[in-house]
Amino acid sequence: MFTLGDIQIHLVSDGVVWVDSGGAWGLVPRALWSRYLPPDEQSRVPMVLTCLLVRAAGKTLVVDTGLGDKLNRRMIELWGLERPRGGLLDGLARLGVAPQDVNLVINTHLHADHCAGNTRLAPGEAVAATFPNAEYVVQRREFEDALRPNERTRATYFADNYAPLHERGQLRLLDGDTTLLPGVRTVVTPGHTPGHQSVLFESGGESALFVADLASYAVHFERLGWMTAYDVEPLVTLETKRRWQQWALDTGGLLIFQHDTQVAAAHFVENERGGRVLEPVAVEYA
């Protein structure tokens, strides 16, 4: 857990997936990225599905919801999904939080591994909100793109994860950077998708950024030219990272990485040789 002034942030895992290394590393040569994360015999690398439980301003927030429980056996196998300690709801339960206790759900974007847990299958109803009393939020641009996927994006945008929430008035669409609660603000960080957003926390003179897929692995943040093949606007990703690298240097803010299995959080600093590097911070998952 991290405490920033009046804000508490817990990291909660929805499991680990195994993805093709070509997707995770894009144009980065294998000889370089494999030093950081060796692949398995199928040339796959692991990605943890990190979500956040946040307590701020008397409210209980969840940031991203992982893959949820709607996957069939074939999809579980395709994702290589492993949950040795259960999923998001199990982690929340260990923290004393039931689904009905959650007031706000922030989706950084609507790729399935970030939002499929928004909804669940319920008896007598095709799809129900996993968090029945929560308001869900996402950027309007992201929602519009998700409703009209193309050949590049249709394998990760699935309407059951978000459209029913919008139809029932439970999903609010944001237009740009938005303060949701005192000390909790969404900031548009385009590149991975045009409507991708990260979450900025500021309280007690401290700050933290939930990076999400602006940098899927920590080293993606450290190295401007490194990014995944999933980024639909890679040159935009590069410039967005440049901006937030400078923010991290100027503020000393904590960076929380969503998919990295080795570096969940870090500070970005200048070392004695003038290089810009990450200094990992120890963290435990719920």
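Each value in this text was obtained by applying a stated rule to the coordinates, not by laboratory testing. Note that the structure is predicted; figures quoted are calculated from it, not measured. Please note: Cβ atoms are built from the backbone with ideal geometry, for glycine as well, and neighbour counts cover all protein chains shown.
Summary of packing: across the peptides 104-117, 201-214, 159-172, the per-residue average of other C-beta atoms within 10 Å ranks them, highest first, as 104-117, 201-214, 159-172.
Each of the peptides 220-233, 37-50, 273-286 was scored by the mean count of other Cβ atoms within 10 Å over its residues; in descending order, highest first, they stand as 220-233, 37-50, 273-286. Each of Gln258, Leu278, Val232 was placed along the dipole of the chain (beta-carbon charges, centred on the mean Cα), and the one lying farthest toward the positive end is Val232. Computed from backbone phi, the HN-Hα couplings of region 225-239 come to x, 9, 7, 7, 6, 6, 5, 7, 10, x, 6, 5, 3, 4, 6 Hz, rounded to whole numbers (Karplus: 6.51 cos²θ - 1.76 cosθ + 1.60, θ = phi - 60°; Gly and Pro given as x). For the chain, what is the Kirkwood estimate of the hydrodynamic radius, computed as the reciprocal of the mean inverse distance between distinct Cα atoms, to one decimal in Å? Kirkwood radius, the chain: 19.0 Å. Put simply, the amide H of Gln139, placed in the peptide plane, has neighbours under 5 Å in Leu174, leaving out anything fewer than 5 places away on its chain.
A helix-only calculation puts the chain at -5500 deg cm²/dmol for mean residue ellipticity at 222 nm, using -39500 (n - 2.57) for each DSSP H run of at least four residues, averaged over all residues. Measuring spread by the Cα atoms of region 114-259 yields a radius of gyration and Dmax of 16.2, 53 Å. Residues in region 202-207 carry Karplus couplings, in order, of 9, 6, x, x, 10, 8 Hz; the curve used is 6.51 cos²θ - 1.76 cosθ + 1.60 with θ = phi - 60°, and Gly or Pro positions show x.
Cα convex hull, region 5-119: 134 Å³ per residue, rounded to a whole number.
Here the relative contact order of the chain, from alpha carbon pairs under 8 Å that lie six or more residues apart, stands at 19 percent.
Amide H contacts under 5 Å for Leu254: Ser207, Ala208, Leu209, restricted to partners 5 or more places along the chain or on a different chain, H placed in the peptide plane at 1.01 Å from N. Distances between placed amide hydrogens fall under 5 Å for Val281 paired with Ala265, Ala266, His267, all partners being 5 or more residues away or on another chain. Here the 3J(HN,Hα) profile of region 31-42, calculated from phi with Karplus coefficients 6.51, -1.76 and 1.60 at θ = phi - 60°, is 4, 8, 5, 5, 5, 8, 8, x, x, 7, 5, 9 Hz, Gly and Pro shown as x.
Taking the Cα centre of the chain as reference, the dipole from Cβ charges on Lys and Arg (+1) and Asp and Glu (-1) amounts to some 220 debye.
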